[in-house]
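Chemist: Just dropping this structure here.
The values are calculated or read from the model by the stated rules, or taken from the named source; none is laboratory data. Here the structure is a predicted model, which means the values were calculated and not measured. Counting neighbours? That spans all protein chains shown, and the Cβs are built from the backbone with ideal geometry, glycine included. These accessible areas exclude ligands, DNA and RNA; they are computed on the full protein's heavy atoms, side chains included. Shrake-Rupley method; radii C 1.70, N 1.55, O 1.52, S 1.80 Å.
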Amino acid sequence: MSAADLLPILRGLPWTLGLTLGAFLIGALLGMPLLAARQSRSVPLRGLSMTIIQIVRGIPPILWLFIVFFGLGTGYLPISPFGAAVASLGLISAANMAEIYRGALASIHPGQWEASSALNLGRWSTLVDIVAPQTFRVALPSAASYLIGLMKETAVASTIGVTELTFYGNQQSQLTFRGLEVFAVVGLIYVLISLPVAWLSRIADSYLQAKVAR
Amino acid sequence: MGGAGYCVQGEGPNMTDRGYEKSVAAARGVRLVEEPAIAGAPKRPLIQLDNLSKRYGGHTVLDSIDLEVMSGEVVAIIGPSGSGKSTLLRCINYLEPPDGGFVTIGDITLSAAMPASSTELARLRRSVGMVFQSFNLFPHMTVLRNISLAQERVLGRSRKEAEERSMQLLKRVGLGDKAGQYPARCSGGQQQRVAIARSLALDPQVMLFDEPTSALDPELGLEVLAVMRELAETGMTMIVVTHEMSFAENVSDTVMIMADGRIVEKGPSTEVMRNPQHERTKRFLRAVHDR
């Protein structure tokens, strides 16, 4: 098997990366209002948010993909395979990120809220200056490991025809009849993408740790 | 309930009328405006608690507390744990909203009967600084930022103004060289002194201290107590919940002993500490001295 057989696989790389980052970004942003609703004083809002999180996380990602692409996509809301994949995985990561943020938020010492109240900082400054930075700092390692998980999850998008790594791997294995080698290389590419993410997260974490550790 | 209040300095013949006038005004939700000080006229208390109560479930933590604190007075609150000392302190700045009674600080009165609006809370807290047992510095900010942030957000000072004031205060608490450090790099005593500077930076009229040295080993506690003594000498009004008996006796003007959510005894510090009248006070002080 030559490099010429393997190079076409790399055409899928930008799609895998785009899908991963797009979905993660949606999740990281949408997770915040979802958490805000989850922590809200209003009971209906809290119930709604909890229901959304449970339903989104309870259904397998591949099924979400089918619901959005074949369900909504045919007829109601014409959508490209890539668009459907970003939307579905973005939705799933929003629910998961909301849970990651919630865990991080719960770890903030109650004294931080009290000091903010005593200093009269007000709700907005308490959130933006005090609570959010500490929450993100705590959420960082879990978010990074979720990002790696999400990157691998994007492989399901090949089932609806998104031309990402696994899609091309599948194509090449059928062209060359060398499934083992081809899929081993595809696997290796996933590992190679995950390494810098893990490495960066560890560096950022130990930098922040050194700054604030007691 | 008036029986609980010991005669504090500055209390004049006018006091009863004034107290009545105030509670009537408070009951009607009217805020009294601070009158200009007239020479010879009795001073109005800076802080007045009327019939203050707090319950958790069926448990009464504060049982109709009446208290007046004059401007410049240093009050030490001592007593066994669970007696409501900290809760009393936290009700004064509404960290715990009381269930009954009135809190008056300067010219603002809040009634527990009506839920306080955020504007009212902000006005009340504007004049009250608080120092916690566990310091509660913001760990993700430098010492300088810890002290400057609220000045910018609450008082609208520019960053430059705020940092100048912060540096001035840091020097006053003996930490001029720590401005760029993160709290984690400071000892407990240093962190507590930063916390004091952080509160002072907002120019409060009164400072509340909730067991400020209880989380510190004795040596580090001393440097915090030294700062508090200096603060008391500058005329700051202070209410200090403490287990430091020498602070209560030597620095504070007034000592108040609490047990079971009530004020058991209150009076000039040396008198209460050396010659307690109430049986509960005697028992508590004996236990402290026997340690």
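Chemist: Just need the relative contact order of chain B here, percent rounded to a whole number, with Cα pairs under 8 Å and 6+ apart.
Modeler: Relative contact order of chain B: 23 percent.
Chemist: While we're looking at this one, here's another question. Using only Cα atoms, what Kirkwood radius does the protein assembly as shown have, in angstroms?
Modeler: 26.9
Chemist: Next question, about the same structure. What are the residues whose amide H is under 5 Å from the amide H of B:Ser71, where those residues sit 5 or more places off or on another chain and H is modelled from the backbone?
Modeler: For B:Ser71, whose amide H was placed from the backbone, the distant partners under 5 Å are B:Leu46.
Chemist: Let me ask you something else. Hey, got a sec? Which chymotrypsin sites (Phe, Trp or Tyr not before Pro) in the range A:1-109 land in a DSSP loop and have at most 16 other Cβ atoms within 10 Å?
Modeler: Counting only loop positions with at most 16 other Cβ atoms within 10 Å, the chymotrypsin sites (Phe, Trp or Tyr not before Pro) in the range A:1-109 are A:Tyr76.
Chemist: Assigning unit charges at the beta carbon (Lys, Arg +1; Asp, Glu -1) and nothing else, what dipole magnitude in debye, to the nearest 20, does the protein assembly as shown show about its Cα centre?
Modeler: 920
Chemist: OK, next. Which ³J(HN,Hα) values in Hz, rounded to whole numbers, follow from the phi angles of the range B:106-115 under the Karplus curve 6.51 cos²θ - 1.76 cosθ + 1.60, where θ = phi - 60° and Gly and Pro get x?
Modeler: x, 9, 10, 10, 10, 9, 5, 5, 10, x
Chemist: I would also like to ask the following. Placing +1 on the Cβ of each Lys and Arg and -1 on the Cβ of each Asp and Glu in the range A:3-212, which of A:Gly90, A:Trp124, A:Ser142 has its Cα farthest towards the positive end of the resulting dipole?
Modeler: Highest projection toward the positive end goes to A:Trp124.
Chemist: Hey, another quick one. Which residues, if any, in the range B:153-191 lose at least 10 square angstrom of accessible heavy-atom surface (probe 1.4 Å) when the other protein chains sit next to their chain rather than the chain being alone?
Modeler: Residues losing area: B:Arg153, B:Val154, B:Tyr182, B:Ala184, B:Arg185, B:Gln191.
Chemist: To continue, here is another question. Classify the range A:3-212 as rounded, prolate or oblate, taking a ≥ b ≥ c as the square roots of the eigenvalues of its Cα gyration tensor: rounded when a/c is under 1.5, otherwise prolate if a/b is larger than b/c and oblate if not.
Modeler: oblate
Chemist: Tell me which residues come under 5 Å, amide H to amide H, from B:Val131 once H is placed; ignore anything under 5 positions away on its chain.
Modeler: Here the answer is B:Leu208, B:Phe209, B:Asp210, since their amide H atoms fall under 5 Å of that of B:Val131.
Chemist: Here is a follow-up. What whole-number distance in Å separates the alpha-carbon centres of the range A:94-163 and the range B:212-291?
Modeler: 44
Chemist: Hey, what's the protein assembly as shown come to in accessible area per residue, 1.4 Å probe, Å²?
Modeler: 47
Chemist: I would also like to ask the following. Show me, for the range B:176-189, the HN-Hα J-couplings you get by feeding each phi into the Karplus relation (A = 6.51, B = -1.76, C = 1.60, θ = phi - 60°), rounded to Hz, glycine and proline as x.
Modeler: Karplus-based 3J(HN,Hα) across the range B:176-189 equals x, 8, 9, 3, x, 7, 8, x, 4, 8, 10, 6, x, x Hz.
Chemist: Out of the total accessible area of chain A (probe 1.4 Å, heavy atoms of protein only), what percent is carbon and sulfur?
Modeler: 72
Chemist: Towards the positive end of the charge dipole of chain A, with charges on Cβ (+1 Lys, Arg; -1 Asp, Glu), say which of A:Leu195, A:Gly27, A:Ala104 has the farthest Cα.
Modeler: A:Ala104
Chemist: Follow-up. List the residues, sorted by chain then number, that are 5 or more residues from B:Ile65 or on another chain and whose placed amide H is less than 5 Å from its amide H.
Modeler: For B:Ile65, the qualifying residues are B:Asn51, B:Leu52, B:Ser53.
Chemist: Calculate the mean, over all residues of peptide B:128-141, of how many other protein chain Cβ atoms lie within 10 angstrom of the residue's Cβ.
Modeler: Taking all residues of B:128-141 together, the mean is 5.
Chemist: Would you please classify the overall shape of chain B from the alpha carbon gyration tensor, given that a ≥ b ≥ c denote the square roots of the eigenvalues, rounded means a/c under 1.5, and beyond that prolate means a/b larger than b/c while oblate covers the rest?
Modeler: oblate
Chemist: Just how far, in whole angstrom, is the range B:145-188 from the range B:84-109 if you go by their alpha carbon centroids?
Modeler: 28
Chemist: Of the lysine pairs in chain B, how many meet both conditions: Cα atoms under 28 Å apart, and a spacing of 8 or more in sequence or different chains?
Modeler: Taking the Cα cut-off of 28 Å, the pair count is 14.
Chemist: Can you give the accessible area buried between chains B and A, summed over both chains, with a 1.4 Å probe, in Å² to the nearest 100?
Modeler: 2000
Chemist: Right, next: Check every DSSP H run in chain A and write down those whose alpha carbon atoms cover 30 angstrom or more along the long axis and whose mean Kyte-Doolittle hydropathy is -0.5 or greater.
Modeler: Sorted by number, the helices that extend far enough and score high enough are A:13-38, A:81-106, A:179-212.
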